[in-house]
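The values are calculated or read from the model by the stated rules, or taken from the named source; none is laboratory data. Because the structure is a prediction, the values reported are computed rather than measured. All Cβ positions, even for glycine, are placed from backbone atoms using ideal geometry, and neighbour counts span all protein chains on display. Ligands, DNA and RNA are stripped out before the accessible areas are found, and what is left, the full protein with its side chains, is counted by its heavy atoms. Shrake-Rupley method; radii C 1.70, N 1.55, O 1.52, S 1.80 Å.
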Amino acid sequence: PAAVSFKAVVSTQSTGEYEGEATFKHYAYMKGGMRFVGYTCICASGNNAAVLHYGHAGEPNDKRVNDGDMLLFDMGAEYAGYTADITASFPANGRFTENQKFVYNTCLKANKNVQAAMRPGVTWPDMHRLAERTIVEEFIKEGLLVNGTVEEMTAAYMGAIFMPHGLGHLIGLDVHDVGGYVNAPPRIDEPGIRYLRTTRTLEEGMVVTVEPGVYFGDALLDAAYANPAQSKFMNKERIEQFRGTGGVRIEDGVAVTANGVELLSHNIPRTVEEIEALMNRS
């Protein structure tokens, strides 16, 4: 039901961030009987999408949505005590620009690559690194990152500039469920990956979120430009075309099975074509 509620949000072209939150809550309760949400709704537009936990009391999803904005909506309803945690990103006007399409498809590829690699015995830090590597590879192809190999850029933590958070977390009765560091290797104190909420090896029956993101945050871009070890790989002219656009996150809930994963948030349109078709239905 939470996934179906997202389809209602995506198909409704909001003029204010709060409209997305209101539509989700209304639809989840009216159609799914889900009275509560598992956490404060994040309904970010434009540059606000680069703020990872936007939507708090200080900035309560109150910005007006502008034509051409990308929207990043991270919301989850509770059912029988268990919460969902899903993020959808889509263009406010129903049509992706070429730059928006590139960022979105980069994030989607990272999400799909991780899900394809997940199975019991795989470590979560390795999945985080796979997501970062995918982003770096796509940035090289598009000319945002230059003058080096994927390995050289990974060693310089280039992925963490654009995905400054952990790949995902355990989910259940709490949105960030307990047990992430129970009988687990210690936290890895490196950029980006230090924010992982678990370093455990995947086991059958675990339920986790897969939520890579690609962002263009001012503070991180400026710090990277000022760092010679990173700036030498950055095509500033190309990267600056994305500054101020916020970012994209694509978050799914998945259950680890004996041979892979079961996608729990499977009813959400994810491809560019699916999103544009839903948003432009007559």
Go over the candidates 27, 54, 39 one by one and state the one that is of a type in the set (Phe, Trp, Tyr), assigned to a loop (DSSP other than H, G, I, E, B) and either at pLDDT below 95 or crowded, with 22+ Cβ neighbours inside 10 Å (or both).
54
If we keep only residues of the stretch 173-207 that are over 17 Å from residue 121 (Cα atoms) and among the basic types (Lys, Arg), then the residue surrounded by the most Cβ atoms within 10 Å (Cβ to Cβ) is 197
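Answer yes if at least one residue in the stretch 208-229 is in a strand (DSSP E or B) and open to solvent by 20 Å² or more (accessible area, probe 1.4 Å), and no otherwise. I'd like the intermediate steps shown before the answer.
In the first step, residues of the stretch 208-229 are kept if they are in a strand (DSSP E or B); the result is 208-210, 213-215.
With the extra rule that they be open to solvent by 20 Å² or more (accessible area, probe 1.4 Å), the set shrinks to none.
The answer is no, given that none of the residues of the stretch 208-229 is in a strand (DSSP E or B) and open to solvent by 20 Å² or more (accessible area, probe 1.4 Å).
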Criterion: closer than 22 Å to residue 218 by Cα and assigned to a strand (DSSP E or B) - qualifying residue of 90, 102
90
Between a residue in the stretch 52-76 that is acidic (Asp, Glu) and any residue that is in a loop (DSSP other than H, G, I, E, B) and open to solvent by less than 20 Å² (accessible area, probe 1.4 Å), which pairs come within a Cβ distance under 6 Å, given they are 6 or more apart or on different chains?
69/92
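Please determine whether any residue of the stretch 208-221 is of a type in the set (Phe, Trp, Tyr), touching a Ser or Thr at 6+ places or on another chain (Cβ under 8 Å) and in contact (Cβ under 8 Å) with a residue 24 or more places away in the chain. First the steps, then the outcome.
Narrowing the stretch 208-221 to residues of a type in the set (Phe, Trp, Tyr): 215-216.
Then drop every residue that is not touching a Ser or Thr at 6+ places or on another chain (Cβ under 8 Å), which leaves 216.
Retained after the next criterion (residues that are in contact (Cβ under 8 Å) with a residue 24 or more places away in the chain): 216.
Yes: the stretch 208-221 contains one or more residues that are of a type in the set (Phe, Trp, Tyr), touching a Ser or Thr at 6+ places or on another chain (Cβ under 8 Å) and in contact (Cβ under 8 Å) with a residue 24 or more places away in the chain.
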Can you tell me how many residues in the stretch 111-162 are open to solvent by 40 Å² or more (accessible area, probe 1.4 Å), farther than 30 Å from residue 264 by Cβ and in a loop (DSSP other than H, G, I, E, B)?
4
Filtering the stretch 60-93 down to residues that are surrounded by 20 or more Cβ atoms within 10 Å (Cβ to Cβ) and acidic (Asp, Glu), which residue is nearest to residue 173 (Cα to Cα)?
85
